[in-house]
Amino acid sequence: MFWTRFMLGAALAAALPAAARAPLVTVAQGQLAGKQNGKVSVFLGIPYGADTGGANRFRAPRPAPAWSGVRQATEFGNICPQPRINKPGALITFAELPVSEDCLSLNVWTPATRAAKRPVMVWLHGGGFGFGSSADKYYEGTSLARDQGVVVVSINHRLNGFGYLNLGPEAAGGFDANPGQLDIVEALRWVRRNIAKFGGDPANVTVFGQSGGGGKLSAMLAMPSAKGLFQKGIIMSGSDPRATSVEESIEVRNKVLAALGLKPEEVLKLRDLPMQTLIDAFTKVGALAYHPWVDGVVMPTHPYDPVANPVSPEVPLMIGYTHDEANSVLVSNPVWPQINDANLATVVGLVTGPADVAEAIALYRKRMPGEQPKYLFSAMMTDQSFTVTAMTLAERKLAQPAPVYMYRVDWRSPVQGGLLRAPHAVDVPFIFGTVALSGELTGSGPSQDRMTAMMQATFASFARTGDPNFKGSPYPAWPRYDLARRQVFIFNDPPSVIRIADPELVAFWAKVARNKKK
C-alpha cells in the first residue's frame, strides 16, 4: 500500500507543470522550498544571520541558526529598522514590510538550481546608509536571471544607527565597528558556502549597488574581511572615495545621545532601549547622517582617499552615474522651478559657499551655453555629489592593475513632460528589467526595452568576464578608462562612447571643498 501511494504521488508530481512545483534546495542551515516564476526559481527571505536585537544589537553578525524540516522561502523577510519615508506622489518609493531587528535575510533568483557555475550578481540596495531594503519593487531579479543566465542575490542589512553608529570609547568594547558593513560580509560568506546549490559559481561573484548601495560597495573594497568574497564590482551613482572619520562619527553619536537625553558615559544604555525609540532618535538626527567610518580594523583606511586602498587592487570595477542625478530630489522642491538668472547666485551659494559662486556660474554657463538656470543648478549638485566622486575614485583606482570601465546614463525619461531628464535611479529598472513596475520613473515603450536589453547585457558580461564587451555585441566597443583618453560609455538610445575631459571640473570642486573647510 505504501509503495502504491508513493508511486501515485510521484506520478502526480511529474504530471504537474514546472511552475506548480516548488523548487527545493538544501543549504548549510537546512532545506528550502522556493517558488517558480516562469523559468526562474525564486527563494526569498533566506536568513543568513541571526537576530540582531537584544545582546546582538551593535554587534558583528552571527550566522543564522539551522532549522529542521523544510523552510518556506516564498516571501521577503523583515526589513531592517528604519523610518517610514514614503510620501504620496514620490518619484522613488520603498517597501513597507514589517520592521524588525531580526532582518538579516537574502533572496536568490536562478535560471536553474542544477550545478552550472553561473556568474553570481549580489545586489546592494539604495537608500543611502539609512533606509531601503531588498524588497523595494525595482529590484525583482527574475528578468536579469532569466535573460542573462546569471544568479541574482539581494540582501537586507542593518542601516542608519543600527548599522553605522560609532558608540565610541565610552562603550569600552560593548559594540563592534561598522556592523552594517559586517552584515554584508556575512551575506557574502553565506553566498560562498551555498550559492553552488543554486547553480552559481562561488568563485565568480560580482557585487553591484546603486546610490547607497554603491557607497556600501566603495567601503567593501577597503575591508580586509571582504577580500576574496567577490571578484568584481559595479558602483552605480554611489562612488565614495572617502568614508567618515572617527571624529565625524562621534559627532553624530553625540547628537543621538543628546536627542535621547543621555551623556556619553551612558552610551551603553542604547543597547536596552526599545527599537522604535532608537528609530525615532536616529531619524531626528537625520536618516542619512550615518556612514561607514575608518575604525582601524574593519576599515583600516578610506576606500580611495588620498590614494587607492591596498585591499582590493585585483578587483575590476565598472563605475558610473546618470547625467542629471540631482533632478530626482529637486523635482519635489517647489523652489527649483523658480530658479532664474536673478536668484541663481543665491541658490548656487548654498552648494558652493559664497567664495566660489561667481566662478561656478561662469564655469557652468561656459559648459552649458543657453541652459535654463534651474538645470545649471542641478548640474552643479550632480557634479559635486556624483560626477566628481566617480571620476576621483576611478582615477585613483587606475594606479592598480585591475581595469576600470566608466559609463554615464544620458537616456532621458519621458515622464513629467521630460522634466527629469536622466535622474538618479533611472537606470535601476533597466538593469533589473522592472520597467513595468517603474512607470513613474521611466515610462514604458520600445526605447525603454532597448535600454533594458543593453544595460542587462553589458552588466552581465562584466559579471561573467570582467569586461562589458562581449562577442557579437551590437554596441560600440567600450574601452578601459585611462587618463590619456578619458573615454566613457554613454548609455542612451542609441549608445555612444565619448571623451570626457573634466580635469577642470574636478579641480573646481576640490577648491570648493577646501574653501568650505576654512
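Overview of values
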| read-out | value |
| --- | --- |
| Criterion: out of contact with any Ser or Thr (no Cβ under 8 Å at 6 or more places or on another chain) and within 24 Å of Glu75 (Cα to Cα) - qualifying residue of Gly149, Gly200 | Gly149 |
| Condition check for Lys511: more than 30 Å from Ala116 (Cα to Cα) and either among the β-branched types (Val, Ile, Thr) or touching a residue at least 60 places away in the same chain (Cβ under 8 Å) (or both) | yes |
| Extreme residue, farthest from the chain's Cα centre (by Cα), among residues of region 148-191 that are assigned to a loop (DSSP other than H, G, I, E, B) and closer than 30 Å to Ile431 by Cβ | Gly149 |
| Check on Glu371, free of Cβ contacts under 8 Å to residues at least 12 places away in the same chain and either among the acidic types (Asp, Glu) or surrounded by 15 or more Cβ atoms within 10 Å (Cβ to Cβ) (or both) | yes |
| Residue list for region 32-70, restricted to those being part of a strand (DSSP E or B) and surrounded by 19 or more Cβ atoms within 10 Å (Cβ to Cβ) | Leu32, Val40, Ser41, Val42, Phe43, Leu44, Gly45, Ile46, Pro47, Gly49 |
| Helices (runs of 4 or more DSSP H) enclosed by region 419-498 - at least 3 residues per element that are buried (at least 21 other Cβ atoms within 10 Å of the Cβ) and not acidic (Asp, Glu) | 428-432, 446-465 |
| Among the candidates Thr346, Thr322, residue that is buried (at least 22 other Cβ atoms within 10 Å of the Cβ) and either outside the structural domain of Ser218 (by TED's automatic domain parsing) or among the small types (Gly, Ala, Ser) (or both) | Thr322 |
| Of residues in region 192-206 being of a type in the set (Gly, Ala, Ser) and over 22 Å from the mean Cα position of the chain (by Cα), the one surrounded by the most Cβ atoms within 10 Å (Cβ to Cβ) | Gly199 |
| Selection count, region 120-137, where residues are closer than 13 Å to Met236 by Cα, surrounded by fewer than 24 Cβ atoms within 10 Å (Cβ to Cβ) and hydrophobic (A, V, I, L, M, F, W, C) | 0 |
| Qualifying residue in region 158-173 (condition: surrounded by fewer than 24 Cβ atoms within 10 Å (Cβ to Cβ), at negative phi and of a type in the set (Lys, Arg)) | no |
| Hits in region 341-351 - residues which are touching a residue at least 24 places away in the same chain (Cβ under 8 Å) and β-branched (Val, Ile, Thr) | Val347, Val348, Val351 |
| Residue in region 436-445 that is closer than 30 Å to Pro313 by Cβ and in contact (Cβ under 8 Å) with a residue 24 or more places away in the chain present | no |
| Selection within region 246-267 - under 19 Å from Gly130 (Cβ atoms) and outside any helix (DSSP H, G or I) | none |
| Test: residue in region 383-403 that is acidic (Asp, Glu) and within 30 Å of Val311 (Cα to Cα) | yes |
| Residue within region 160-171 that is at pLDDT 95 or above and within 20 Å of Ala64 (Cα to Cα) present | yes |
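Yes/no per residue for (1) under 26 Å from Phe230 (Cβ atoms); (2) assigned to a strand (DSSP E or B); (3) at pLDDT 95 or above; (4) in contact with a Gly (Cβ under 6 Å, 6 or more places away or on another chain):
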{"site": "Asn86", "(1), (2), (3), (4)": "no, no, no, no"}
{"site": "Trp109", "(1), (2), (3), (4)": "yes, yes, yes, yes"}
{"site": "Ala116", "(1), (2), (3), (4)": "yes, no, no, yes"}
{"site": "Gly126", "(1), (2), (3), (4)": "yes, no, yes, yes"}
{"site": "Arg146", "(1), (2), (3), (4)": "yes, no, yes, no"}
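Per-residue answers, yes or no, for (1) touching a residue at least 12 places away in the same chain (Cβ under 8 Å); (2) under 23 Å from Ala425 (Cβ atoms):
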residue: Ser312; (1), (2): yes, no
residue: Val315; (1), (2): yes, no
residue: Gly320; (1), (2): yes, yes
residue: Asp324; (1), (2): yes, yes
residue: Ser332; (1), (2): yes, yes
residue: Ile339; (1), (2): yes, yes
residue: Pro354; (1), (2): no, no
residue: Ala358; (1), (2): yes, no
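The values are calculated or read from the model by the stated rules, or taken from the named source; none is laboratory data. Computed from a predicted model, the values in this text were never measured in an experiment. Cβ sites come from the backbone with ideal geometry, for glycine too, and all protein chains shown count toward neighbours.
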